[in-house]
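Chemist: I'd like to ask some things about the structure below.
The values are calculated or read from the model by the stated rules, or taken from the named source; none is laboratory data. All values derive from a computational prediction rather than experimental measurement. Cβ placement follows ideal geometry from the backbone for every residue including glycine, while neighbour counts extend to all protein chains displayed. SASA here: full protein model, heavy atoms, side chains in, ligands and nucleic acids out. Shrake-Rupley method; radii C 1.70, N 1.55, O 1.52, S 1.80 Å.
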Amino acid sequence: MTKANSRKLSLKFGASLMAMAFVALPAFAQDIDADTDEAEDADRRLGVITVTAEKQEESSQDVSLSVQAFDADALRDAGVTDVSRLEFLVSGVNFAFTGNDAKFNVRGANSSNTFSDNTSIVGTFIDGVFKPRASQQTRAFFDIERVEFLKGPQGTLYGRNTLAGALNVASNGVDLSDFGVGLEASYERFDRATFEGFVNVPITDNFGIRVAGFYDKSDGYIENLAGDDLGAQDDKGFRITSYWEPFDNFDATLRYSHIEEDGREGGLFGFTLIPRFVNEQGLTDPFGGILDPFNPQNGSAPPGTSQGFPNALDVNPFTVAQDFTPDADLDEDVIALELNWDLGPVNAKSITSYTDFQNFIGFDFDFSPNPFNIGGFDETAESVTQELVFTSDYDSRLQWTSGLYYSQDELFFSFSIFNQTLEDNNRITLPTGETLLTGTPLASLDTNINGFFADSAFIETDTFGAFAQAEFSLLDNLRLIGGLRYSNEDRELTGGGSNFTGDTNGDGVVDPVVSVVPGVAGSSPFIVPQDSRSVFIINRNASDAVELGETFDNVTWRAGIEYDFNENILLYVTSGTGFLSGALGANGSITDEQESLFVEGGIKSLLLNETLKFNAAVHYTEYTNLLTQILEQNEETGIVQTFSGNGGDIEAWGIEVESSWVPVDNLTLTANLAYLNSEFGTFAQANPFQTFSGPQPVTLGAVDVSGERTPFTPEFTAVLSGSYEFSLGEWGYITPVVQFFYSSDFNTSNNLAIDPAQEQDDFTKTDLRLIWDSPDSTYSVELFVENVEDEATLSRGTSGGDDNIQTGFAYPRNYGVRVRAQF
């Protein structure tokens, strides 16, 4: 059977399955509901979560989109303390990370490169405030009321960077009815201690304050044989929320949050190297068939040898040997004002915010215990946003939501590397002229600062959006939905290598600061710089700096139909588009905007007298002009630089099921299932290696991956969980919780999606929890083991200089105890 015929057959099967669900399930539910004793089921009925997925409060079961929402209890039971574990709750979504950089992958699309002017394909909103940088998406998961994940393009109501979905995180607000205090503490593997708490103070009948904070400290889960362990938390933050309700129809919420992270991150593009394939000549070739376990990076070889240190993966995926282990430096301050007016027939909401964010990650670029190559990535973001939303609130067949959005972002990015010592670059050269990448030893341990490379960009973006969405009831149980959004982004970039220098002669050479530091002779300073930032200074006005400007505008739309089979069963079909503006590169490149188009049909239902929730959807998405990485080699330094380019298109379709069932008192069963078929259409990716399926060098050349499966897209995933609450009488309740996760295989390469070295095999992960709650739920104690199998799964890989494959692994087995108290 051909791939095309197989795809058609699978599509027909999926459509048939959903059609049967549409027809048979309502009838089945109607019969069962009629025969079930409602009084017996009353205590087992599933609660519904109120969401703001469509910019107004409504039940998640009434939203004709794939939105999965979770309250604080559900997040607790699943052990979700940040976005990295959302894949254990949200069907069809997985998450890759390196250090503190978030990489959402949804329905075939992935955030292949979120550095520089690139961004995530999932927009993240914390209390309605958009986060422009992917590294901001992992913040603010403390004192949370609920989390909402919207799958599929959200171009109409959300707009900015929601090409494949949107994540809404809502923190707890002020409770004016009662004084409250909550505390939570945990102790886990790797000597990790966490603390979280809040104080809620109603000062008057219409004014109150809530203060929440957290602290997270650990030794690190990545053992380092040559220095401090990596993956160590040293994070802290707080949020102050004040609420004022001077009138019955008006309220104001002012939030200020501060978060800082000073731990040792697990690398920038990955904390370790994995073996690469080479061919019989010894040249790197993804299909060479021979695994080379040695570090190929310059300066990585022990003295007197010709090969780099063996990759730490040969010992343990969570063991490295790196001499340079700097602390991260992340700070974020956000102040936001939310105003709500009830104007009678119309409700109005205003959200105004200011964000000051900086993030610096240093890394050992030779991935070895040798004191050689030091690098770092620096990003800052200063953002102002303003959104106005108006919603109808009167009795009419026509209901609507409209609004305006404006933001101004000033972003800065820099990537820099320097050598601390000299290496003996005495590699073997083949008769063909190619060099064997076997690593090189240091010529001397004497400090000799050299090998300077730096790149940077200043980007200013003004964004404007105007949107409207309406719902018209043809009948009491039949509604039409339509929406439009106009988006405009005006972007300007100043960047390039020589604007990161203390010399303004415009010769195109990156000059190090160390050559002009008083008291330092030549290029050999007496004190080794502690990070790459201290080696260079920024000159934004360098004569040869690149200056670019571009305006991107787009109209996105949504159309749909909803049908209430009865009060507990919603059938819907919806379609819409998404938009993500192009990227400006410090090399002078400008990419075209990325777009997405999706169609989805689904059912949302509460069955068996509301003791069974069954939601399912069939979806199809077409992505066009998706970005990929373009590799260019600097002629002077030989360093390979990465820029963005439009790679091509992706088509993805699948089936997703979300279900919860309380078959008997105190027993809860859940199942999240997803089948996904995602393939590249016309698409080209860069080959980051020396050769490709042959001895002829094609370094940096393009590879046609049309028809291949996209990365980070397992064909099938399943999350099954169960819990049972046992009563201990006056001693409270004890609840065992079991959660099982399965994923089929997928590729994790950020550069070449068909690289077999970066293939993750199918795997399972099982979590076990035992929770004791006091009779009045004031206290609770939880014992837990996560990833019982101790499965080491690849997170995200990329290819660096000297053809190394940098990657990371998701968290290993974890266990601990967590105590909570709330008064």
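Chemist: Counting only pairs 8 or more residues apart or on different chains, how many lysine pairs in the chain have their Cα atoms under 24 Å apart?
Modeler: Value for the chain: 22.
Chemist: Roughly how many percent of the accessible protein surface of the chain is carbon and sulfur, given a 1.4 Å probe and a whole-percent answer?
Modeler: Using a 1.4 Å probe with all protein chains present, the chain comes out at 55 percent carbon and sulfur.
Chemist: Hey, got the dipole for the chain? About the Cα centre, +1 on K and R Cβ, -1 on D and E Cβ, debye to the nearest 20? Please list the in-between numbers first.
Modeler: Numbers: 44 positive and 125 negative charges, 255 e Å.
Roughly 1220 debye, rounded to the nearest 20.
Chemist: Obtain the nm distance between the two label points defined at ASP745 and VAL664 by a simple spin-label model: each point lies 7 Å from its Cα along the Cα-to-C-beta direction.
Modeler: 4.2 nm
Chemist: Mind pulling up the Rg/Rh value for segment 374-461? Radius of gyration and Kirkwood radius, both on Cα.
Modeler: 1.43
Chemist: For ASP73 and ALA193 in one chain, what is 0.36 nm times their gap in residues minus the Cα-Cα distance, to one decimal in nm?
Modeler: Computed gain between ASP73 and ALA193 is 41.1 nm.
Chemist: Calculate how many DSSP beta bridges within the chain are antiparallel, expressed in % of all such bridges and rounded to the nearest 5.
Modeler: Here the share of antiparallel DSSP bridges comes out near 95 percent.
Chemist: Under a Cβ-Cβ cut-off of 14 Å, what is the net charge of the residues other than SER780 that fall near it, where Lys and Arg count +1 and Asp and Glu count -1? Could you put the intermediate results ahead of the total?
Modeler: Numbers: positive: ARG76, ARG769, ARG818, ARG820; negative: ASP73, ASP77, GLU184, GLU196, GLU725, ASP773, ASP776, GLU782.
Net charge in that neighbourhood comes out at -4.
Chemist: Follow-up. Let's test the formula: R0 of 60 Å, r as the Cβ-Cβ distance of THR50 and LEU445. What FRET efficiency results, to the nearest 0.05?
Modeler: 0.45
Chemist: A further question follows. Quick check: residue separation of GLN386 and THR305 times 0.36 nm, minus the Cα distance between them. What number comes out in nm?
Modeler: 23.2 nm
Chemist: For the chain, how big is Rg over Rh, using alpha carbon atoms and the Kirkwood form of Rh?
Modeler: 0.97
Chemist: Among GLN233, PHE247, PRO286, pick out the residue whose Cα is farthest towards the positive end of the charge dipole of segment 164-298, where Lys and Arg carry +1 and Asp and Glu carry -1 on C-beta, about the Cα centre.
Modeler: PRO286
Chemist: Right, here's the next one. Below 15 angstrom from the Cβ of GLN281, what's the summed charge of the other residues (Lys, Arg +1; Asp, Glu -1)?
Modeler: It works out to a net charge of -3.
Chemist: Measuring from a point 7 Å past the Cα of ASP564 along Cα-to-C-beta, which residues in segment 455-473 have an amide N at less than 16 Å?
Modeler: Once the point is set 7 Å along Cα→Cβ of ASP564, 471-473 turn out to lie under 16 Å by backbone N, inside segment 455-473.
Chemist: Between TYR724 and VAL211, what is the spin-label point distance in nm, taking each point 7 Å from the Cα along the Cα→C-beta axis?
Modeler: 4.5 nm
Chemist: Still on this model: Relative contact order for the chain: what percent, with Cα pairs under 8 Å and sequence separation of 6 or more?
Modeler: It comes to 12 percent, rounded to a whole number.
Chemist: Beta carbons within 10 angstrom, averaged per residue: use that to sort the peptides 676-683, 300-307, highest first.
Modeler: 676-683, 300-307
Chemist: Helix 3-35 against the longest principal axis of the chain: what's the angle in degrees, Cα atoms only, rounded to the nearest 10?
Modeler: 30 degrees
Chemist: So, counting K/R as plus one and D/E as minus one, what does the shell of residues with Cβ under 13 Å around ASN488 add up to?
Modeler: Values: positive: ARG160, ARG485, ARG491; negative: ASP462, GLU489, ASP490, GLU550, ASP553, GLU593.
Every neighbour counted, the sum reads -3.
Chemist: What whole-number distance in Å separates the alpha-carbon centres of segment 254-313 and segment 616-630?
Modeler: Result: 30 Å between the Cα centres.
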